[in-house]
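Engineer: I'd like to ask some things about the structure below.
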Amino acid sequence: MKKITIFAFVKNRFLTVLILNLVCLTSFQMVLAQEKNVQSLIQDLNHDDNRIRRDAALYLSQLAGTSSDVIEAVPALIKALGDSQQQVWFHSITALSKLGPDAAPAIPELINDLREMRRRSVNAKWYRSAYTLGQIGEAAVEPILEACDHSKPSVRAGAAKAMEWIPEASAQLAPVLIKLLEDEDEAVREIAAESLSLLPEPALKLLQETIHHESAATRKVTYIALGKAGLRAKRTSQSLLQRIEKEADPELLAIGIDALAKMEVNDSSFFTFLMNHFESEETQVQQSVANAMLSLPPAQMIPIFIGFLESKNESIQLRAANLLGHIGSKAAPALQSLIKVIDNEATNTSQADAFKNALVSIGPLGIPALLEHISLVEPNSGSFWAVDLLAEYGMVGVSNLEKALENNNPRQILAVMGAFATMGATAIDAEESIVRMTQHASPPIRAAAAQSLASIGIKPAKLSSLIEPLLNDKNLTVRQSAVASLRKSPEAAAEQLGKLNDLLNDPDPGMRENALLAIASTGNQASDLVEEVAMLLADSTPTVQMAAIKTLGFIGNAPDLALRQMDWLARNGNETSLLNVLNSLGRMGDRPVAYLSLFESNLSNADDGIRESAFKGYIAIEKNNEQLLVAMIQVLSDESIAMRHASLKAMASMREDAAEAIPHLIDRLDHDEDQDLALGALRFMPSQIEFMEDYMASLEHKDPGVRHFGCRALGRLGGDAISALPKLKNARSDKYRFVRDEAKKAIQRIED
């Protein structure tokens, strides 16, 4: 507590000093401004030095709000509005806006500055000029009204904008703004509507008259203005509702609905209107209706949305579900209806996902509903989706799921354990609850708890100690689950290698298989168990044999007898045996060199997976680079992309020893899927004069990377590539800089 107090004190002290410094700086500037009389500042405002003019304008803007003497500077400030320096202009117009009515002589210049307005970005000059006119107030009304007839739309728009800040003249301005709603320019119409929405009566009353205007453009900005006015325009709601019921344009209909929603209209006629348009296929209308419905009291809308869930129209169902999700926890009464829809076998996957998202969006209140559903349906009814959905609640749902364990309902507990396993580390806070379930009387629950423990990110040492009792459980399913959980944590499995070794003799084949795979997860840490694992190559159960083969591969070693057994299984067994043996032997480095013929004989196997495993194993075992390169070159024409890519990567690792493959690598440059890896391998190869024509041809390739390679390869040849100079000089104008730069380097090397 003491440290926090000291920190707070230091922090507050720092803020206090900072504020005082800012105040002092402002005060200092004010003192400077006051020390300079207005006349001297006026002279400075005409100085040739930009900095002096800027400071003069700044000081005048600071004095404008406190000293009436600044009125004398109005002519100079008006002149400064044309200054080329942005800061001089800004401080000058700021001073004029602060002077308000006293700045009336600036009106003509300000209106003149309204001539330019960018549609897609903020134009400071246009905006500040309109604002200053508004601050001048009633004196600017007549000139502003005249500007509304100006030939330039930007001036008319600026005049409309200025009216926003003269509420005291609304009675005089409103009729003109109404007229501007019919302007030919869209920006003028929109700004006039915005100003009308901000002015007091009679502006809003006049807007009611344009609701029924014959021009769609005028009606559009009228609707927008009423929407911006919001509650202040609520008296126009019935008139607006009557008009938009007749709108054929979806955009205008949507804007009108938005306006009524912003007015917070909630009467039966509007409600009926929304209901009638809920089935609209127009996207804009759909969105506006949805937003309007969400603005109404949830208690009023939720029963309606629940009713829509029963619609035969799939689109209506989905919209209703989305809206219920947007409402959130208050939509809890809809949970059972959503579950019913999801559980409907006729619901397709994409729809079901939308309903599931809605259910989760309602929040953790959906967890009890899902658990109740799980406890009522038959285990094999296909409602496993509910178990998966529990995990979607993530961290916010963990505590609710833990509470469900207190009910001691087996189905619910299994569902919660499954959810925790899916959540992974997100469910780490549920560790104690899961540990408690490992001691439950029900074997399936103990087994599920073991799986959950392995998923939530417990440290390996702790996981090992928690799983150890389950490895000795009387129930086979629990023991199998415990072993399977160790597979998820190699470090924990390594601590239990002794027990896993014992389980290799378990009478149940599934247990032996799981124990082998858990041992495999530890890699060469299980090297002391090689003999025991090899014994299971003769197991009567094929799946155990396959697991033993895989495990020896991950350990990376095997006794000679085991190698001979694996070779026999590969040659006399099925394709699964062959594939597993190839993968396993391929992981043992050069240990199985005596079985190289097994790999060679399968380099042309019809099965892509077997062929790829054979090739990768061959690369790992064969040490004769000449023979290896022959095989690699042959593979470059293989139909399997994986095979070709394995060969290209291997060639890159051989570097210059793979130089004989250069023409074949160049050939792969014309194949998009191999191009990058072929280039990567070629970069490690020395340039050779006999391939100069190929290098030159590369300069005209469509891919810049290939052109870059061609330049580099020719440059490495030096003077021997003098005949390539014309093409290299053309490459200096390549579209890509890195190609141009490489061409210049190549030319320099050749000419030197």
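Engineer: Just to compare against my own numbers: the Cα pair-distance distribution for the chain, 10 Å bins, whole % per bin, please.
Structural biologist: 3, 10, 10, 10, 12, 15, 16, 13, 8, 3, 0
Engineer: Specify which residue in the list Val396, Trp385, Gln351 is farthest towards the positive end of the charge dipole of the chain, using unit charges on the beta carbon of Lys, Arg (+1) and Asp, Glu (-1), about the Cα centre.
Structural biologist: In the chain, that residue is Val396.
Engineer: In sequence order, what are the phi-derived ³J(HN,Hα) couplings for the stretch 451-462 according to the Karplus relation 6.51 cos²θ - 1.76 cosθ + 1.60 with θ = phi - 60°, rounded to whole Hz, with x for glycine and proline?
Structural biologist: Each residue of the stretch 451-462 in turn: 5, 5, 4, 6, 9, 8, x, 5, 4, x, 4, 5 Hz.
Engineer: A follow-up question, please. Could you give me the ³J(HN,Hα) list for the stretch 627-640, computed from phi with Karplus coefficients 6.51, -1.76, 1.60 and θ = phi - 60°, whole Hz, x at Gly and Pro?
Structural biologist: My calculation for the stretch 627-640 gives 5, 4, 5, 4, 5, 5, 5, 4, 5, 4, 9, 5, 6, 7 Hz in order.
Engineer: Hey, which aspartates and glutamates would be in cross-link range of Lys649, C-alpha to C-alpha under 12 Å, not counting anything within fewer than 8 residues on its own chain?
Structural biologist: Partners within reach: Asp674, Asp676.
Engineer: Output needed for the stretch 490-576: three equivalent-ellipsoid semi-axes, defined as square roots of 5 times the C-alpha gyration tensor eigenvalues, in descending order, whole Å.
Structural biologist: That gives 20, 14, 10 Å for the three semi-axes.
Engineer: So how far, in whole Å, is the C-alpha centre of the stretch 686-752 from the one of the stretch 606-632?
Structural biologist: 34
Engineer: Using Cα atoms only, what is the angle between the long axis of helix 86-99 and the major principal axis of the chain, expressed in degrees (0 to 90) to the nearest 10?
Structural biologist: It works out to around 50 degrees.
Engineer: Right, here's the next one. Roughly how many Å² is the accessible area per residue of the chain, as a whole number, for a 1.4 Å probe?
Structural biologist: Per residue, the chain has 48 Å² of solvent-accessible surface.
Engineer: If amide hydrogens are placed 1.01 Å from N in the peptide plane, which non-local residues have theirs closer than 5 Å to the one on Glu245?
Structural biologist: none
Engineer: Of Ile456, Ala106, Met423, which is farthest towards the positive pole of the chain's charge dipole, taken about the Cα centre with +1 and -1 on the beta-carbons of Lys, Arg and Asp, Glu respectively?
Structural biologist: Going by the charge dipole, the pick is Ala106.
Engineer: With Kirkwood's inverse mean 1/r over C-alpha pairs for Rh, give me the Rg to Rh ratio of the stretch 557-710, two decimals please.
Structural biologist: A ratio of 1.06.
Engineer: Please report how many Lys pairs in the stretch 225-375 have alpha carbons closer than 20 angstrom, counting only residues at least 8 apart along the chain or sitting on separate chains.
Structural biologist: Step by step, the pairs that qualify in the stretch 225-375 add up to 8.
Engineer: If you place +1 on the Cβ of every Lys and Arg and -1 on the Cβ of every Asp and Glu, how big does the dipole about the Cα centre of the stretch 394-443 come out, in debye to the nearest 20?
Structural biologist: 180
Engineer: Continuing with the same structure: In whole Hz, what ³J(HN,Hα) sequence does the stretch 742-749 give by Karplus (6.51, -1.76, 1.60; θ = phi - 60°), x for Gly and Pro?
Structural biologist: Karplus values, whole Hz, x for Gly and Pro: 5, 5, 5, 5, 4, 4, 4, 5.
Engineer: Per Stokes-Einstein, at 4 °C and 1.567 mPa s, what whole-number D in µm² s⁻¹ belongs to the stretch 616-661, with the Kirkwood radius over Cα pairs as the hydrodynamic radius? Provide the component values of the computation, followed by the final result.
Structural biologist: Numbers: Rh = 10.5 Å.
In µm²/s, the coefficient rounds to 124.
Engineer: Same structure, new question: Share of the chain's accessible area from carbon and sulfur, percent, 1.4 Å?
Structural biologist: 51
Engineer: A follow-up question, please. Rounded, prolate or oblate for the stretch 649-752? Axes are the square roots of the Cα gyration tensor eigenvalues, ordered a ≥ b ≥ c, and the cut-off for rounded is a/c under 1.5.
Structural biologist: Values: a/c = 2.00, a/b = 1.37, b/c = 1.46.
Because a/c hits 1.5 or more and a/b fails to exceed b/c, the stretch 649-752 counts as oblate.
Engineer: Also, quick follow-up: Would you mind checking the tilt of helix 50-63 against the longest principal axis of the Cα atoms of the chain, expressed as 0 to 90 degrees and rounded to 10?
Structural biologist: Tilt of helix 50-63: around 70 degrees.
Engineer: Between helix 366-376 and the chain, what is the angle of the helix's C-alpha long axis to the longest principal axis, kept within 0 to 90° and rounded to the nearest 10?
Structural biologist: Here the helix axis deviates by roughly 40 degrees.
Engineer: To continue, here is another question. Please report the net charge: other residues with Cβ closer than 13 Å to the Cβ of Ser653, K and R +1, D and E -1.
Structural biologist: +2
Engineer: Straight distance only, please: which lysines reach the Cα of Lys727 with their own Cα at less than 28 Å, same-chain residues fewer than 8 apart left out?
Structural biologist: Partners within reach: Lys702, Lys735, Lys744, Lys745.
Engineer: Can you list residues from other chains, or at least 5 along the same chain, whose modelled amide H is less than 5 Å from the amide H of Ser215?
Structural biologist: none
Engineer: Rounded to the nearest 20 debye, what is the charge dipole size of the stretch 85-218 about its Cα centre when +1 sits on each Lys and Arg Cβ and -1 on each Asp and Glu Cβ?
Structural biologist: The dipole of the stretch 85-218 has a size of about 560 debye.
Engineer: Then there is this: In debye, nearest 20, what is the charge dipole magnitude of the chain about its Cα centre with +1 on Lys and Arg Cβ and -1 on Asp and Glu Cβ, if you could check?
Structural biologist: Roughly 1900 debye, rounded to the nearest 20.
Engineer: Quick one, what does Rg over Rh come out to for the stretch 575-618 if you take C-alpha atoms and the Kirkwood Rh?
Structural biologist: Taking Rh as the inverse mean 1/r over Cα pairs, Rg/Rh reads 0.92.
Engineer: Taking the Cα centre of each part, how many Å lie between the stretch 511-548 and the stretch 148-185?
Structural biologist: Using only Cα atoms to place each centre, the spacing works out to 87 Å.
Engineer: Right, another one. Which peptide among 217-225, 646-654, 100-108 comes first, and what is the full order, when sorted by highest mean count of other Cβ atoms within 10 Å?
Structural biologist: 217-225, 646-654, 100-108
Engineer: Kindly provide the GluC sites (Glu not before Pro) of the stretch 296-375 that DSSP labels as loop, not H, G, I, E or B, and whose Cβ sees at most 12 other Cβ atoms within 10 Å.
Structural biologist: For GluC sites (Glu not before Pro) across the stretch 296-375 that sit outside H, G, I, E and B with at most 12 neighbouring Cβ atoms in 10 Å, the list reads Glu310, Glu345.
Engineer: Additional query: Just add up the charged neighbours of Ala386: K/R +1, D/E -1, any other residue whose Cβ is under 11 Å from the Cβ of Ala386.
Structural biologist: With Lys, Arg at +1 and Asp, Glu at -1, the neighbours total -2.
Engineer: Reported to two decimal places, what Rg/Rh ratio describes the stretch 307-453 when computed on Cα atoms with Rh from the Kirkwood expression?
Structural biologist: Answer for the stretch 307-453: 1.00.
Engineer: Would you pull out the residues with amide H under 5 Å of Leu636's amide H, same chain only if 5 or more places away, H placed 1.01 Å from N?
Structural biologist: none
Engineer: Give me the net charge of Asp473's neighbourhood, meaning all other residues with Cβ under 9 Å from the Cβ of Asp473; Lys, Arg count +1, Asp, Glu -1.
Structural biologist: Neighbourhood net charge equals +3.
Engineer: Another question, if that's okay. Students often forget the sequence filter, so: which lysines lie under 22 Å Cα-Cα from Lys550 once same-chain residues fewer than 8 apart are removed?
Structural biologist: The reachable lysines, counting only those whose Cα sits under 22 Å from Lys550, are Lys488, Lys499, Lys616.
The values are calculated or read from the model by the stated rules, or taken from the named source; none is laboratory data. Keep in mind it's a predicted model, so treat the numbers as computed, not measured. Ideal geometry is used to build each Cβ from the backbone, glycine not excepted, and the neighbour counts take in all protein chains shown. Protein only, heavy atoms only, side chains kept; ligands, DNA and RNA dropped before computing areas. Shrake-Rupley method; radii C 1.70, N 1.55, O 1.52, S 1.80 Å.
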